[in-house]
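Read through the structure below, which is laid out as structure tokens, and then see the notes.
The values are calculated or read from the model by the stated rules, or taken from the named source; none is laboratory data. Keep in mind the model is a prediction, meaning the values are calculated, not measured. For neighbour counting, all protein chains shown are included, and Cβ atoms are generated from backbone atoms with ideal geometry for every residue, glycine included. Accessible surface is based on the protein model in full, side chains and every heavy atom, while ligands, DNA and RNA are left aside. Shrake-Rupley method; radii C 1.70, N 1.55, O 1.52, S 1.80 Å.
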Amino acid sequence: GRSHHQAYAYLLTPESGRLTPDAEKRLDAIAQAEDLGAGVTLATHDLEIRGAGELLGEEQSGQIHTIGFTLYMEMLERAVKAIRSGKTPNIEEPLDHTAEINLRLPALIPDDYLPDVQARLILYKRIANAPDADTLRELQVEMIDRFGLLPEPLKTLFRITAIKQRAQALGIRKIEAGPRGGKFEFDAQPSIEPIRLIQLVQSKPDSYRLAGAAALSFTADLEEPTQRIDFVERLITALAPDHQ
């Protein structure tokens, strides 16, 4: 191409069946990179095909394709976070480990609030993937601006998601609560000071008791939905270290 003349490039390939699988993947990636600035996308595709190899080692050819580039990056991110927090990465722990919250309450985006199924699915994913409380608050403001005031089931969904974030940070694996009480189950190495658990049980032995080495059960009148959520939030706050 010169000046005002459009440039063209023709790529000639052997007939189908003579290319290697990796070569066919690369050609597909090139064919999809039609827009300006598509170089990053093309480089990412190439990295997925080749494998990233050892990030800090001498060998720069890997077998990441056996587990997938996305899964590899999630595993790497989890290991880096563990090391930065002073912990040893637990390779035996499932990658998708998240706190399980069951308060026996409707927590959803009602159809009459947002009829579009695709839009609901997108927002469910954004809520579930929100990294912190600030992001959840921004999502609430956005949804109020776009669709109107939040109905109760949606408010409950946001509060339960916030509880899940806090529980996961503390190493609480599961929270169950019903009209008459419930239970907290902890990971093998929770970020909770044992003295807090002991003091809590000693202060109200009729309401709290240790259920084995990794669980705390509680008894309370939690018939109303708001009572149940408020109680769980207060209990998490009572167990959290002072800086959290």
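Scanning segment 78-105 for residues that are out of contact with any Lys or Arg (no Cβ under 9 Å at 6 or more places or on another chain), open to solvent by 100 Å² or more (accessible area, probe 1.4 Å) and at pLDDT below 80 gives THR88, ILE91, GLU92, ASP96. Counting just the residues of segment 17-47 that are open to solvent by 80 Å² or more (accessible area, probe 1.4 Å) and at pLDDT below 70, which one comes out nearest to TYR72 (Cα to Cα)? Taking the candidates together, the pick is VAL40.
Any residue in segment 48-56 that is at pLDDT 65 or above, open to solvent by 100 Å² or more (accessible area, probe 1.4 Å) and not hydroxyl-bearing (Ser, Thr, Tyr)? Looking for residues that are at pLDDT 65 or above, open to solvent by 100 Å² or more (accessible area, probe 1.4 Å) and not hydroxyl-bearing (Ser, Thr, Tyr), one finds none in segment 48-56, hence no. Tell me, yes or no, whether segment 167-187 has at least one residue that is within 15 Å of the chain's Cα centre (by Cα) and closer than 30 Å to TYR113 by Cα. Yes; the residues of segment 167-187 include at least one that is within 15 Å of the chain's Cα centre (by Cα) and closer than 30 Å to TYR113 by Cα. Of ARG173, ARG159, ARG166, all but one fail to be of a type in the set (D, E, K, R), in a strand (DSSP E or B) and either in contact with an Asp or Glu (Cβ under 8 Å, 6 or more places away or on another chain) or buried (at least 17 other Cβ atoms within 10 Å of the Cβ) (or both); the exception is ARG173.
Determine, yes or no, whether LEU108 is of a type in the set (A, V, I, L, M), surrounded by 12 or more Cβ atoms within 10 Å (Cβ to Cβ) and part of a loop (DSSP other than H, G, I, E, B). Spelling it out, LEU108 is indeed of a type in the set (A, V, I, L, M), surrounded by 12 or more Cβ atoms within 10 Å (Cβ to Cβ) and part of a loop (DSSP other than H, G, I, E, B). ASP221 passes every criterion in (1) part of a strand (DSSP E or B); (2) acidic (Asp, Glu); (3) exposed (fewer than 15 other Cβ atoms within 10 Å of the Cβ) apart from (1). Here GLU138 meets each of (1) assigned to a helix (DSSP H, G or I); (2) modelled with pLDDT under 95; (3) of a type outside the set (A, V, I, L, M, F, W, C) with one exception, condition (2).
Going by what's in this entry, would ARG228 be described as on the phi < 0 side of the Ramachandran plot, touching a Gly at 6+ places or on another chain (Cβ under 9 Å) and open to solvent by less than 90 Å² (accessible area, probe 1.4 Å)? For ARG228, the condition - on the phi < 0 side of the Ramachandran plot, touching a Gly at 6+ places or on another chain (Cβ under 9 Å) and open to solvent by less than 90 Å² (accessible area, probe 1.4 Å) - is met.
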